[in-house]
1. Any chance segment 320-334 includes a residue that's of a type outside the set (Phe, Trp, Tyr), open to solvent by 20 Å² or more (accessible area, probe 1.4 Å) and touching a His at 6+ places or on another chain (Cβ under 9 Å)?
2. Arg412 versus (1) in a helix (DSSP H, G or I); (2) open to solvent by 20 Å² or more (accessible area, probe 1.4 Å); (3) at pLDDT below 95: which is the lone unmet condition?
3. Which residues, counting only those in segment 154-169, are in a loop (DSSP other than H, G, I, E, B) and open to solvent by less than 10 Å² (accessible area, probe 1.4 Å)?
Amino acid sequence: MVLMADRWLRSVWIVALCTASGCASAGGNDVTTDALDDTTAAPPETSSTSNGDGTGSDPEMSTSSSGGEDDSTGAASTGSTSDASSSSETDASDTLASTDESSSDATTSAPPEPDDGSSSGVGSTGAEEDSEGGTTEVHPCDRPRTLKEAGACVGFRKGGSGVRIGAAVAHHWLVADSAYRELLVREFDSLTAENEMKWGPLQPERGSWYFDTADALVDFAEEQDMMIRGHTLVWYSQKPNWVDDIQNVEEFRDVMRDHVETTLDHYRGRVHRWDVVNEAMADGIDWNGTYLRDWRATQLLGADYIAEAFQMAHDADPDVELYYNDYNNDMAGAKADQVYALVADLVERGIPIDGVGFQLHVNATPTQIAQGGMWASLYPNYYNSGAFADNIDRYAALGLKVNITEFDVRVRSPFHENEAPPDAPRSSEPITAAEARLQAKVYYEYVSTCVEKYPTCDAITFWGVADPYSWYATDPVLPFDGNYLPKPAYDAIMAALQGVPYVAPQ
Ligand code: G3I
């Protein structure tokens with residue numbers, strides 16, 4: 001009973017904090033582009049994408065050519081998402097109104113600080129008519145209306161500030177598409193820049209910094225009281241071309257330190273978590289008889305560039321959470337074991353690291369593997385949420401957190417179709433009912449596992465806002481379709497966040 005009261009108070013505190021820090025009122029769900037002005041000029045494109053994926057989102061792409069527009073599964077068919085599938089503007093202003101109302105009742109004492117410095121999104125209580133014509137108070141966590149509310153309610157049930165629900169955001173689309181913005185603001189309370197904070201975009205020419213578009217994303221996220229995940233400081237891909245020309249060990253070390261320090265200094269107190277090193281591990285033997293990826297950093301600094309980068313990041317900003325981020329580290333197999341060994345070694349040596357990012361670009365079907373192509377070697381594994389749970393446990397045993405950082409679930413594409421250039425038209429083929437059911441099941445399993453392992457796992461970021469903006473050319477991988485409507489995956493994720501069973505529509 002005392003515990004229940006404590007949790008109830010916590011949610012009131014959260015609402016109070018949300019209002020005090022302007023999470024709803026500072027633009028709140030009144031989605032403006034104020035924070036996005038004057039930043040549309042693109043920096044010179046000099047960054048290397050040496051992984052050759054060729055699948056980046058296409059800034060010129062029209063939403064009308066995107067997939068999933070006529071969702072044959074009937075979005076929101078399970079009923080639980082009917083609110084979410086109606087006008088996003090209406091829902092957005094509802095959330096704003098209810099947050100404001102509850103704040104007037106909230107006590108004026110100082111609320112407890114949420115874990116990450118931003119506030120989370122449990123909405124207000126509401127009154128519901130009961131069977132005898134009276135009214136009953138309904139707690140928002142009895143019926144969360146959005147992903148971010150459901151994520152925050154994990155905290156209400158289990159303590160802490162809940163599971164942050166994030167999306168990778170492209171500055172271009174945030175400026176250009178109001179429906180994109182509205183969906184983002186309504187459903188998500190964490191933001192990752194899909195490309196804008198990478199080394200190449202931030203420092204296209206040596207010593208010449210371009211923070212404008214990344215700053216605009218940070219301004220926007222702050223206006224919406226979102227947590228911000230910084231992605232990513234040191235990565236072999238999307239780094240500037242000039243980095244490859246460095247021949248000298250000390251020079252590389254200085255350049256890396258300068259990049260890490262300048263970036264962390266710029267975003268001090270604003271970006272809450274950083275992916276310090278991304279995808280350092282290859283898919284097999286690569287550098288010097290190890291799985292470490294062969295690039296300028298390993299060639300000059302050896303394996304220790306990773307530890308050095310973490311130490312530099314910690315020295316630059318001891319208050320920010322530091323993550324190692326990779327793909328297939330959630331699986332059973334050599335790659336996951338290599339990543340684990342790398343991270344365990346960092347911990348053993350006392351290198352400052354707070355957590356591990358599991359990208360989770362998941363294959364729902366084994367057929368994609370059989371089809372081969374470059375993606376088969378990059379993402380060879382068929383989904384296995386049991387292995388995901390085991391991996392979370394072994395990182396928890398090291399005292400680390402786990403974030404899902406780039407979540408999406410493929411149901412269809414042969415890998416080679418995903419090698420389409422960024423300006424190739426997206427598939428307009430709607431997701432089939434069978435594909436949608438499978439996708440929902442996979443999302444449910446992974447999100448349930450994260451919730452089960454909470455608070456070790458306390459953030460889930462989807463790699464895109466809705467299908468048309470995914471990095472995949474031809475596969476409707478995200479929970480929202482081309483009309484920004486929730487797919488069955490959305491209902492499954494909502495159920496998983498609430499810890500209740502999900503029954504797929506037949
Ligand atoms: O900015 C240029 C633009 O000027 C040019 O006109 C356009 C046409 O080619 O390309 C634009 O750059 C593209 C960039 O995305 C922004 O759209 C790059 O070509 C393209 O390669 C780049 O792709 C990104 C990819 O990382 C690069 O490796 C994807 O959008 C992004 O989703 C993807 O994200 C990665 C994570 O960072 C790490 N984990 C894997 C994940 C998927 O590959």
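1. Restricting attention to segment 320-334, the residues satisfying the condition of being of a type outside the set (Phe, Trp, Tyr) are 320-322, 325-326, 328-334.
So of that shortlist, the ones also open to solvent by 20 Å² or more (accessible area, probe 1.4 Å) come out as 321, 332-334.
Remaining after also requiring touching a His at 6+ places or on another chain (Cβ under 9 Å): 321.
Yes, the conditions are met somewhere in segment 320-334.
2. The failed condition is (1).
3. Correct list: Gly162, Val163.
Okay, residues lined up against (1) surrounded by fewer than 24 Cβ atoms within 10 Å (Cβ to Cβ); (2) in contact (Cβ under 8 Å) with a residue 60 or more places away in the chain:
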{"residue": "Asp130", "(1), (2)": "yes, no"}
{"residue": "Cys141", "(1), (2)": "yes, yes"}
{"residue": "Asp177", "(1), (2)": "yes, yes"}
{"residue": "Glu187", "(1), (2)": "no, yes"}
{"residue": "Glu194", "(1), (2)": "no, yes"}
{"residue": "Asp215", "(1), (2)": "yes, yes"}
{"residue": "Asp219", "(1), (2)": "yes, yes"}
{"residue": "Met226", "(1), (2)": "no, yes"}
{"residue": "Trp242", "(1), (2)": "yes, yes"}
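For every residue, the table says whether it meets (1) under 23 Å from Leu342 (Cα atoms); (2) open to solvent by less than 10 Å² (accessible area, probe 1.4 Å); (3) out of contact with any helix residue (DSSP H, G or I) (no Cβ under 8 Å at 6 or more places or on another chain); (4) within 16 Å of the ligand (Cβ to nearest atom).
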position: Gly230; (1), (2), (3), (4): yes, yes, no, yes
position: Lys239; (1), (2), (3), (4): yes, yes, no, yes
position: Phe252; (1), (2), (3), (4): yes, yes, no, no
position: Arg257; (1), (2), (3), (4): yes, no, no, no
position: Gly269; (1), (2), (3), (4): no, no, yes, no
position: Ala280; (1), (2), (3), (4): yes, yes, no, yes
position: Asn288; (1), (2), (3), (4): yes, no, no, no
position: Asp304; (1), (2), (3), (4): yes, no, yes, no
position: Phe310; (1), (2), (3), (4): yes, yes, no, no
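The values are calculated or read from the model by the stated rules, or taken from the named source; none is laboratory data. Predicted model, so just to flag it, every value in this text is computed and none were measured. Neighbour counts run over all protein chains shown; Cβ positions are idealised from the backbone, glycine included. What goes into the accessible areas is simple: the full protein's heavy atoms, side chains included, and nothing from ligands, DNA or RNA. Shrake-Rupley method; radii C 1.70, N 1.55, O 1.52, S 1.80 Å.
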